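The values are calculated or read from the model by the stated rules, or taken from the named source; none is laboratory data. The model shown is predicted, which means the values in this text are computed figures rather than measured ones. Glycine gets a Cβ as well: all are built from the backbone with ideal geometry, and neighbour counts include every protein chain shown. Ligands, DNA and RNA are excluded from the accessible area calculation, which covers all protein heavy atoms including side chains. Shrake-Rupley method; radii C 1.70, N 1.55, O 1.52, S 1.80 Å.
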Amino acid sequence: MKPRHQLLLILLLCLGCLRAAAQHLPNYPIPQHPDTLRILGVGNSFTDDGMMYLPELLEAAGMRNVVLGRLYIGGCSLERHCREYAQNNPSYIYYKSTGNQWKTVSKEATLVEGLTDEPWDIVVLQQASGQSGQYPTYVPWFGRLVEIVRWHCPNAGACIAWQQTWAYARKSDHGDFVRYERDQQKMFDAIAASVRQLQKDSSIEIVIPSGTAIQNLRNSELCDSLDLTRDGYHLSLDKGRYTAACTWFQALVAPAFGTNVANNPCRLEGTSHVLTPEEAECCRQAARKACIRRYDVWKSNLGNIPEEGSSR
């Protein structure tokens, strides 16, 4: 091998090692029984879908010591978050809940403004929905975004968590669905495989399996013609969003306070999306089971513990 080629190979190996090191940044656990738990979601409309009904679940549980934040850009990918940060663009809508009610803080926020607003205990990241099942799109942007969070978050011990998004409806017309041959099962499998790979390559331990929870519910009698979405990809305003919020609660809030979403009485009363007791119970079970088996869909009755090997 020529010396020039040897040098190039060494440089490429060094860059690979540096990239791997960036992915394996230190991470920290969810705090236990804090006086106040602070959770920030950095993402897009799928983050909105996942977090929207968290205040209602918290209120029903009698919990008023959880601060929530959402930094939103529609369709935003990991790469775009990093580029918006590099240019310090005020491109985010920043929502916040301090008394179990969402309020708009700013429609022209920067990523840094959201990250520095509170000493966040948990910062949840995710990939844009269409790229969620394509792991090469995570690199190197995931590692870079984690570095940004670590640099600016006032809490040096914040837990970096990940939301696993859901596959599109079977009849979705989303332009990115072609990446998965317009096959819901292929998209779900690709997303699950990508998140598994992310966990292998990084220090991410806490995963919010929203995608698995929704797929669980799609295997129940509650599944509708739009597969629990309102447009083929965003979650329905009743059962879809409620199930995702239950998953966030079970994955993040329940471990922090030693509780469970199982008997949460929230049914979205006071809204136009009220669930029956049976519907709410089925949604909560879909979320709880996803938090037990994060990447396996259980086809059996959601009221019973499924047999081994019952994944779809």
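Here are some notes:
- When both bridge partners sit in region 69-216, DSSP labels roughly 60% of those beta bridges antiparallel.
- In this entry, the chain is assigned a mean projected area of 17.7 nm², taken as a quarter of its C-alpha convex hull surface.
- Rough spin-label spacing in nm, given labels placed 7 Å along Cα→Cβ, for VAL274 and GLN87: 4.7 nm
- On the chain, 51 percent of the accessible area sits on carbon and sulfur atoms, based on a 1.4 Å probe.
- The value of relative contact order for the chain, using C-alpha pairs under 8 Å at least six residues apart, is 19 percent.
- A quarter of the convex hull surface defined by the alpha-carbon atoms of region 186-240 gives 4.3 nm² as the mean projection.
- What the chain shows is 44 Å² of accessible area per residue, with the surface traced by a 1.4 Å probe over protein heavy atoms.
- Note, ³J(HN,Hα) from phi for region 178-187, Karplus 6.51, -1.76, 1.60, rounded to Hz, x at Gly and Pro: 5, 4, 10, 6, 6, 10, 4, 5, 5, 5
- Here region 75-184 is assigned +1 on the Cβ of each Lys and Arg and -1 on the Cβ of each Asp and Glu. Its dipole about the Cα centre then comes out at about 200 debye.
- By the Kirkwood approach, averaging reciprocal distances over each pair of separate Cα atoms, region 136-217 gets a hydrodynamic radius of 14.2 Å.
- The largest accessible area among HIS81, HIS24, HIS174 belongs to the first residue in HIS24, HIS174, HIS81, and the rest follow in falling order (1.4 Å probe, all chains).
- Rounded to 10°, Cα long-axis angle of helix 141-152 versus longest principal axis of the chain: 80 degrees
- The chain: angle of helix 277-292 to the longest principal axis, Cα-based, in degrees nearest 10: 30 degrees
- Overall Cα dimensions of region 154-312 - principal axes, largest extent first, Å: 44, 40, 36
- Cut-off under 5 Å, modelled amide H: who pairs with TRP120 long-range: ASN155
- Between VAL112 and VAL178, residue separation times 0.36 nm minus the direct Cα-Cα distance comes to 20.3 nm.
- Centre separation in Å (Cα based) which lies between region 259-299 and region 122-147: 27 Å
- Between 0 and 90°, nearest 10: helix 239-248 axis offset from the chain longest Cα axis: 60 degrees
- A cut-off of 5 Å between modelled amide H atoms, ignoring neighbours fewer than 5 places along the same chain, links LEU235 with ARG230.
- Of all stretches in the chain that contain no GluC sites (Glu not before Pro) in a DSSP loop with at most 14 other Cβ atoms within 10 Å, the longest one is 1-180.
- Helix-derived mean residue ellipticity, 222 nm - over the chain, DSSP H n ≥ 4, -39500 (n - 2.57), to 500: -11500 deg cm²/dmol
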